[in-house]
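**Q** One structure, as structure tokens, below. Some questions next.
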Amino acid sequence: MTSRPRKTPEQLRSARWLGPDDLRSFGHRSRHKQMGYSTDEFEGKPVIGILNTWNDLMPCHMHFKQRVEEVKRGVWQAGGFPVELPVMGLSETYMKPTSMYYRNMLAMETEETLRCYPLDAVVLMGGCDKTTPALLMGATTVDLPSIYLPAGPMTRSSWRGEQLASGSDVWKYWAERRGGRLSCDAWCELEGYIAASNGHCMTMGTASTMSSAVDTLGMCLPGASSIPASHSTHAAMAAATGKQAVEMAWADVRPRDILTEQAFRNAITALMALGGSTNGIIHLVAMARRAGVPLGLQDFDDIAAITPVIANLRPAGEYVMADFFDAGGILGLLNRIRDLLQLDCPTITGQTLGENLGDSQVYDDNVIRPRDNPLCESGSLAVLRGNLAPNGCVIKPAAAESHLLKHRGPAIVFRDYPDLKARIDDPALQLTADHVIVLQSAGPLGAPGIPEWGMLPIPKYLLEQGVRDMVRISDARMSGTSYGACVLHVSPESFIGGPLAWVQDGDMIALDVAQRTLQLEIDDAELAARRERWQQPEGRFSRGYGKLYFEEVTQADEGCDFRFLHEDGSVDPDPDIF
Ligand code: FES
């Protein structure tokens, strides 16, 4: 890691605002005093920004109101000056069209908040799916000392004798409800049990995947991502994070010191060993490119091929995050795959990843499996290519019924999500379990916001016959808590003329996960004729953020970042502002 001399109080970035004997600095100091601080409380101290993604519609972060006080406690104790800076909360459940549509907006807000205020280091409070990559993307671009504070997963919950898992059991019981096996009253009762505490989803969904990835990258206190939100040690971790931020301000430890290509390869390895979310691919690609690391889909497929899935966590396995914490958490898991990691990667602690792991133990081999008894030997995620997805698409084989991993069947095509909702249960379609369900216009531009529609619904009459999985293809994403033989992130998307736009009812589609192929079985001449007939749909926005999004968002294989935010080597985190 780049080792810089420790800063003196005069060298702090905030000293440019608060130090000089001039008119502007008088204004800054006088406004500190307007807020009730005396000179000795801030003079010569590093200013630690705390970016808080709390809001009243952010249930996964409802404890952040309290946690921010604990971070401040740590900052004060370590001799810093804490300032809370509320930023946009990306609430996975409430935001429409999808929180992903706003990930880049939070990344931009993070970048500009860090740039414009007198901050020496920042604590990034995130957890619910898109908040984590967004905060890290913005902080990486500015490259101020940054430490991530993970929200932590919800606690366990059970209902009518069954342990529940966020998301995964919503899909399971909804299928039961649609199949006529769950009453309306039971469904309503379930609402009160499925999310039983503060914290993010307690499966190995996107939130757990991304928090664990950031832990592996070395951007939070070691093991912090596994601590349940309501556990007393979570509050202690928050205070320790505040203290560490102060140390990082003096030591000038920056994100780009830590976010190297090898660190990202470690994060991908962790994602695969965890059986993590497909969403992690898009986010890690975007985060890496902000750090100047050119990750691509093939990196994920290559690492998946040599990494066993050893976390027995839902949706691929049996347990939830509280069990994972009790079993040793991310540190225990990483120690079990030490040989697959680059252990000399630096971290925010000033130690290497290997030193942080120490002799971390696993306490329950059912939850974190031994290497000789993995959940599956390899292939947690697979990247497919073919004439239907020239730039790639992904599938999570571990979450699919194995007989569908090699499948050939006729397509049934839905032109968009409203069309899917209107017709999927129509018996006149006469679908069978062999059909391949195709959804168009669900990608970054088509939906817009590449929503988590990718676990396309199985027709009600097939559910009633006991069908639980079918091959489904879309340019959408899928919740990390979802499951099934769902081919996702088809790139380029149908809305911009990707081949998915040309599929018609009855076309034969061949999926072969072992061969990594997805093929539309029509001849080249017919394919060319359809391409010729295809017409670009009109864009939906003429102004505002939507217009910016439409003009700048990249495809799924490129991370869905905005083109104009890509790392180009010309970033100036500290323009001459005075
Ligand atoms: Fe926030 Fe699942 S809804 S992590």
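**Q** What is the angle, in °, between the Cα long axis of helix 524-533 and the longest principal axis of the Cα atoms in the chain? Nearest 10 is fine, range 0 to 90.
**A** Its long axis makes an angle of about 70 degrees.
**Q** Please work out the C-alpha center-to-center distance from the stretch 311-354 to the stretch 160-193 and express it in whole Å.
**A** 31
**Q** Once both axes come from the Cα atoms, what is the angle between helix 206-217 and the longest principal axis of the chain, in degrees from 0 to 90, rounded to 10?
**A** 50
**Q** Cβ neighbours within 10 Å, averaged per peptide: list 457-466, 34-43 in order, most packed at the top.
**A** 457-466, 34-43
**Q** Related question: Provide, for the chain, the number of lysine pairs with alpha carbons under 22 Å apart, each pair being eight or more places apart or on different chains.
**A** Eligible lysine pairs with Cα atoms under 22 Å apart amount to 20.
**Q** Right, next: Using helices alone, what [θ] at 222 nm do you get for the chain, with -39,500 (n - 2.57) per DSSP H run of 4 or more residues, divided over all residues and rounded to the nearest 500?
**A** Calculated mean residue ellipticity at 222 nm is -10000 deg cm²/dmol.
**Q** Cysteines of the chain lacking any other cysteine beta carbon under 4.7 Å?
**A** Cys116, Cys184, Cys188, Cys201, Cys220, Cys345, Cys376, Cys393, Cys486, Cys560
**Q** Explain nothing, just the number: dipole magnitude of the stretch 45-143 about its Cα centre with +1 on each Lys and Arg Cβ and -1 on each Asp and Glu Cβ, in debye rounded to the nearest 20.
**A** Result for the stretch 45-143 is approximately 120 debye, rounded to the nearest 20.
**Q** Only sites in a loop by DSSP and with at most 11 other Cβ atoms within 10 Å count here; which trypsin sites (Lys or Arg not before Pro) in the stretch 478-559 make the cut?
**A** Qualifying residues, ordered by number: Arg543.
**Q** In percent, how large is the relative contact order of the stretch 131-239, given Cα pairs closer than 8 Å and 6 or more residues apart?
**A** Dividing the mean separation by the residue count of the stretch 131-239 yields 37 percent.
**Q** Taking only C-alpha pairs under 8 Å that are 6+ residues apart, what is the relative contact order of the stretch 450-554 in percent?
**A** Here the relative contact order equals 17 percent.
**Q** Same structure again: HN-Hα J couplings of the stretch 142-148 from phi, Karplus 6.51/-1.76/1.60, θ = phi - 60°, integer Hz, Gly and Pro as x?
**A** In residue order, the calculated couplings are 6, 6, 8, x, 9, 9, 8 Hz.
**Q** How about the stretch 278-376: which chymotrypsin sites (Phe, Trp or Tyr not before Pro) there lie in a loop by DSSP and see at most 16 other Cβ atoms within 10 Å?
**A** Taking the stretch 278-376 and a limit of 16 other Cβ atoms within 10 Å, the loop chymotrypsin sites (Phe, Trp or Tyr not before Pro) found are Tyr363.
**Q** Which cross-chain or sequence-distant (5 or more) residues have an amide H under 5 Å from the amide H of Gly446, H modelled 1.01 Å from N in plane?
**A** Amide H neighbours of Gly446, under 5 Å, 5+ apart: Phe495.
**Q** Starting from the stretch 490-573, pick out the GluC sites (Glu not before Pro) whose DSSP state is loop and whose Cβ has at most 10 other Cβ atoms within 10 Å.
**A** The qualifying sites are Glu538.
**Q** Cut-off is 10 Å between beta-carbons; in what order do Val436, Val122 appear when sorted fewest neighbours first?
**A** So the residues, fewest neighbours to most, are Val436, Val122.
**Q** Say R0 is 45 Å: what FRET efficiency, to the nearest 0.05, do Asp505 and Gln298 get from their beta-carbon distance?
**A** Between Asp505 and Gln298 the formula returns 0.85.
**Q** Right, here's the next one. Evaluate the distance, in nm, between pseudo-label points positioned 7 Å from the Cα of Gln11 and of Glu526 along their respective Cα→Cβ axes.
**A** 6.9
**Q** Still on this structure, I have one more. Just going by the charge dipole of the chain, with Lys and Arg at +1 and Asp and Glu at -1 on Cβ, which of Thr352, Pro59, Gly539 is farthest out on the positive end?
**A** Pro59
**Q** Which shape class, rounded, prolate or oblate, goes with the stretch 21-129 when its Cα gyration tensor gives a ≥ b ≥ c as root eigenvalues, a/c under 1.5 marks rounded, and past that a/b bigger than b/c marks prolate?
**A** In terms of gyration-tensor shape, prolate.
**Q** How high is the relative contact order of the chain, in percent, with contacts defined as C-alpha pairs under 8 Å that are six or more residues apart?
**A** The value is 14 percent.
**Q** Taking a ≥ b ≥ c as the square roots of the eigenvalues of the Cα gyration tensor of the chain, is the shape rounded (a/c under 1.5), prolate (a/b larger than b/c) or oblate?
**A** Judged from the Cα gyration tensor, the chain comes out prolate (a/c at least 1.5, a/b above b/c).
**Q** Right, another one. Between 0 and 90 degrees, rounded to the nearest ten: what's the tilt of helix 23-34 against the longest Cα principal axis of the chain?
**A** 80
**Q** Please list, in order along the stretch 300-311, the HN-Hα scalar couplings obtained from phi with the Karplus expression 6.51 cos²θ - 1.76 cosθ + 1.60 (θ = phi - 60°), rounded to whole Hz, x for Gly and Pro.
**A** 5, 5, 4, 6, 4, 5, 10, 10, x, 8, 10, 8
**Q** Can you say what percent of the DSSP beta bridges in the chain, counting only those with both residues inside, are antiparallel? Round to 5.
**A** Close to 40 percent.
**Q** What does the highest-first list of 197-207, 369-379, 7-17 look like by mean Cβ count within 10 Å?
**A** 197-207, 7-17, 369-379
**Q** Still on this structure: Give, in nm to one decimal, the length gained when the segment between Ala305 and Tyr363 is fully stretched (0.36 nm per residue of separation minus the Cα-Cα distance).
**A** This chain segment gains 18.2 nm when fully extended.
**Q** For the stretch 415-429, just list the computed ³J(HN,Hα) in residue order, Karplus coefficients 6.51, -1.76 and 1.60, θ = phi - 60°, integers in Hz, with x standing in for Gly and Pro.
**A** Here the 3J(HN,Hα) series is 6, 6, 5, x, 5, 4, 4, 6, 10, 4, 8, 6, x, 4, 5 Hz.
Throughout, read-outs are computed from the coordinates displayed, never taken from laboratory work. A quick note: this is a predicted structure, and the numbers were derived from the prediction, not measured. As a convention, Cβ positions derive from the backbone with ideal geometry for all residues, glycine included, and neighbour counts pool all protein chains shown.
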